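Data first, discussion second: the structure below is written as structure tokens.
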Amino acid sequence: RWTVRQILVVAILGSVLVVFAAAAGVLYYLWNHTELASHELTGRVNALLRERSNLVLELDGVSGNPLTTVTVRRPRVRFREGGGAPLLAAESMRMRYSTWDLLWARRGAIQIELDRPTVRIERDPSGRWRLPSWKAGTAKPGRPRGFDFELTMKDGTLDSPDSTLRIGGLDLSLRAATEPARLEVRSMAWERGPWGSVLRSLRADVSSGD
């Protein structure tokens, strides 16, 4: 039986994983094209999501300097089947990075900021929670390259038909790294949480092998 804590963690971290996948797709597109065409971008990202997950990405456009900072307008992540409200929606998603580091450094780094995001979890017709899934890709020979992602959410919302799971005023700052895998929740707080709770500050750190 799923506990409230497990549902909240899976919903939030699953959405974060999709944000990272979308960010990688955006950067791949920018490196290989001089024009910013949102329909081609969503096609590339969704090809990856079809292969690895049960989700699909929608957005209204992309702008910015492809060498340093990019803004994605109104990104939305939905379940591929079954309809319903977006799992994740935000006013905008900004990505900051160094092109030199991403292309040639031993480790690449990307900073991602989500403005007023909303994460919504719902139940399917059978009554089970609809949660994102992700399948790992095939391992390639040689030592894989490492990446560092920093994600910041400001004034976020976790919405659900179950009022005990709703969260408002969610602020989240985390760092995710690959090779070796590590997830560091630098800070998480909310103003209105389950059963009227207020979370002042939470920090956590998970590494591969934990």
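Worth pointing out:
- Computed extension gain for residue 47 through residue 198, at 0.36 nm per residue and net of the alpha carbon distance, reaches 50.4 nm.
- Those residues of segment 165-205 whose amide nitrogen sits under 16 Å from the label point placed on residue 111, 7 Å along Cα→Cβ: 172-176, 186-187
- Length added when fully stretched, residue 123-residue 187, from 0.36 nm per residue minus Cα-Cα: 20.2 nm
- Of the peptides 128-135, 163-170, the ranking by mean beta-carbon count within 10 Å, highest at the top, reads 163-170, 128-135.
- Seen from residue 134, the other residues with C-beta closer than 14 Å to its C-beta sum to a net charge of +3, counting Lys and Arg as +1 and Asp and Glu as -1.
Quick note: the coordinates plus some simple rules give every number you see, no bench work behind them. All values derive from a computational prediction rather than experimental measurement. Don't worry about glycine lacking a Cβ; one is built from the backbone with ideal geometry, like all the others, and counts go over all protein chains shown.
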